[in-house]
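Down below is the structure, laid out as structure tokens.
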């Protein structure tokens, strides 16, 4: 999963949120240098990534994406699942309300930006100004996100072909998502109960 899911699965804990948000940027044992609650957020990020990678429904989606994205199919699936989460928010009865969640996330991360690694701090003003969570809610936004992702890759990624295939087979991806996301929510809730003091 990408930004939307990681942030949602941290709600409403602000320190867990910043740890989860920076998780991809904190390598090895560097997480131990952060305050305890932020450490938990980084470890939660790693738990979510590991769980997602092994789930059979996510793996089915990755196989559909592979002809277009090759060895980058898994991170592309993460991006597209955030898109599904965002557009299915109401029909799947995700709580809290998306706009409330987005406002909380933007404000909480901005208040704690000092904890972001330097290169993420440099990107943060543009991410905040662009309301990065909202990008996942539209086809235009997801196309922009995939195009930007493709620019950073060393190999060609047919993101336009992928979006065309996605439109034709969206129901299959939605079915995969609906088989996956409730399992992820339950597993994260269990992890939080077992690893984080109230």
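Readers should treat all values here as calculations from the given coordinates under stated rules, not as data from a laboratory. Quantities reported herein were computed from a predicted structural model and do not represent experimental measurements. Neighbour counts run over all protein chains shown; Cβ positions are idealised from the backbone, glycine included.
For this structure, a couple of remarks:
- Subset tally (residues that are on the phi < 0 side of the Ramachandran plot, surrounded by fewer than 17 Cβ atoms within 10 Å (Cβ to Cβ), in a loop (DSSP other than H, G, I, E, B) and within 17 Å of the chain's Cα centre (by Cα)) for segment 109-139: 2
- Sole exception among (1) farther than 27 Å from residue 173 by Cα; (2) out of contact with any helix residue (DSSP H, G or I) (no Cβ under 6 Å at 6 or more places or on another chain); (3) crowded, with 18+ Cβ neighbours inside 10 Å for residue 98, by number: (1)
- Condition check for residue 65 on (1) farther than 28 Å from residue 165 by Cβ; (2) crowded, with 18+ Cβ neighbours inside 10 Å: one failure, at (1).
- One residue from 83, 45 being within 28 Å of residue 197 (Cα to Cα), touching a residue at least 24 places away in the same chain (Cβ under 8 Å) and in contact with a helix residue (DSSP H, G or I) (Cβ under 6 Å, 6 or more places away or on another chain): 45
- Reported count of residues in segment 148-162, each being assigned to a helix (DSSP H, G or I) and touching a helix residue (DSSP H, G or I) at 6+ places or on another chain (Cβ under 6 Å), is 4.
- Of the helices (runs of 4 or more DSSP H) lying entirely inside segment 1-108, the ones with 1 or more residues being under 21 Å from residue 153 (Cα atoms) are found at 3-8, 36-54, 56-69, 73-87.
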